[in-house]
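Report on the structure given below.
The values are calculated or read from the model by the stated rules, or taken from the named source; none is laboratory data. Note that this is a predicted model, so its numbers are computed, not measured. Positions of Cβ are backbone-derived with ideal geometry, glycine not excepted, and every protein chain shown enters the neighbour counts.
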């Protein structure tokens with residue numbers, strides 16, 4: 001499914017199977033998670049989009065060909081490919097473990113054709129072995145919703161009372177991790193979204209409410225997964241002095257003006273940019289221990305536009321997953 005021009009939609013095209021270059025692997029795709037970043041791609045909210053591009057950056061599949069110089073992966077091995085698809089490896093950011101900030105980074109499904117396809121190629125250094133306890137479909141959302149969510153939660157430090165604004169794929173995974181860590185979860189949803197609130201309650205959130213509500217006690221930290229800039233001032237009002245608001249998306253609408261008093265008291269606002277390979281290794285080892293369970297809705301490849309529409313409209317609980325060779329469960 002190819003995005004051929006600004007504004008979409010995706011178009012089903014038949015292409016030759018790609019060939020792995022030096023350092024790459026060719027992957028036969030069995031599943032690919034659907035992410036809100038894919039909507040930002042369709043809506044031209046990301047800069048310098050390359051057309052045509054195949055979206056999808058939560059890829060699960062099996063290696064069917066290895067390029068020269070690849071020794072870490074073998075044909076037949078199941079791997080996962082996330083958003084971060086490659087870095088320069090030698091700049092200051094890469095050298096000090098912050099490769100997620102590399103100025104030469106390349107991203108899967110954005111600059112590199114992604115997983116809304118039967119096959120894709122990936123840099124072998126950025127393809128990861130996956131926990132065997134998960135099936136192909138169930139593990140796909142861990143590769144972005146899980147990984148970016150995990151990095152966001154790490155930025156909350158030792159916060160005990162954590163709020164999640166936007167209760168979708170990432171929040172449903174991170175609620176399970178946070179509870180396992182002994183934290184208390186507060187879930188904020190679109191105003192009046194009773195289905196999302198019931199979903200959050202069922203996963204163990206101690207309190208659920210509308211995104212403009214004030215929780216019954218101050219939060220130590222809040223993570224904003226929704227791409228709505230107006231939630232930043234709302235979250236600042238909900239956290240205690242010294243608390244942190246973490247913006248977990250690659251894109252967000254403009255943050256409106258707010259009084260300095262909302263930030264005063266050593267509150268902080270910070271963003272999360274991409275992920276590192278260390279994040280992937282740590283979280284993919286942690287998820288089976290929790291154990292994280294993903295709730296998914298499955299769509300065949302040709303219904304990728306439907307999956308994106310359902311995500312945009314808030315009709316999903318949990319995550320959507322594209323399966324190139326399976327029937328829909330939508």
**Cβ pairs under 9 Å, 6+ apart, first in the range 209-226 and without any contact (Cβ under 8 Å) to a residue 24 or more places away in the chain, second in a strand (DSSP E or B) and buried (at least 22 other Cβ atoms within 10 Å of the Cβ)** = 209/186; 209/187; 209/188; 209/189; 210/188; 210/189; 212/188; 216/186
**Complete:** Exactly one of 3, 12, 42, 73 is touching a helix residue (DSSP H, G or I) at 6+ places or on another chain (Cβ under 9 Å), over 20 Å from residue 273 (Cβ atoms) and surrounded by fewer than 16 Cβ atoms within 10 Å (Cβ to Cβ), and that one is 12
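For (1) crowded, with 24+ Cβ neighbours inside 10 Å; (2) at pLDDT below 95; (3) assigned to a strand (DSSP E or B); (4) outside the structural domain of residue 316 (by TED's automatic domain parsing), each residue gets a yes or a no:
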position: 195; (1), (2), (3), (4): no, yes, no, yes
position: 201; (1), (2), (3), (4): no, no, no, yes
position: 209; (1), (2), (3), (4): no, no, yes, yes
position: 213; (1), (2), (3), (4): no, no, no, yes
position: 217; (1), (2), (3), (4): no, no, no, yes
position: 236; (1), (2), (3), (4): no, no, no, yes
**Message:** Criterion first (within 14 Å of the chain's Cα centre (by Cα), not in a helix (DSSP H, G or I) and not assigned by TED's automatic domain parsing to the domain that holds residue 89) does residue 167 satisfy it?
**Reply:** yes
**Fill in**
Counted residues in the range 189-231 being in contact with a helix residue (DSSP H, G or I) (Cβ under 8 Å, 6 or more places away or on another chain) and over 19 Å from residue 290 (Cβ atoms) come to 13
**Unique match (being assigned by TED's automatic domain parsing to the domain that holds residue 14, over 27 Å from residue 183 (Cβ atoms), modelled with pLDDT of 95 or more and in a helix (DSSP H, G or I)) among 308, 284** = 308
**Fill in**
Scanning the range 1-47 for residues that are free of Cβ contacts under 8 Å to residues at least 40 places away in the same chain and more than 22 Å from residue 300 (Cβ to Cβ) gives 7, 43, 44, 47
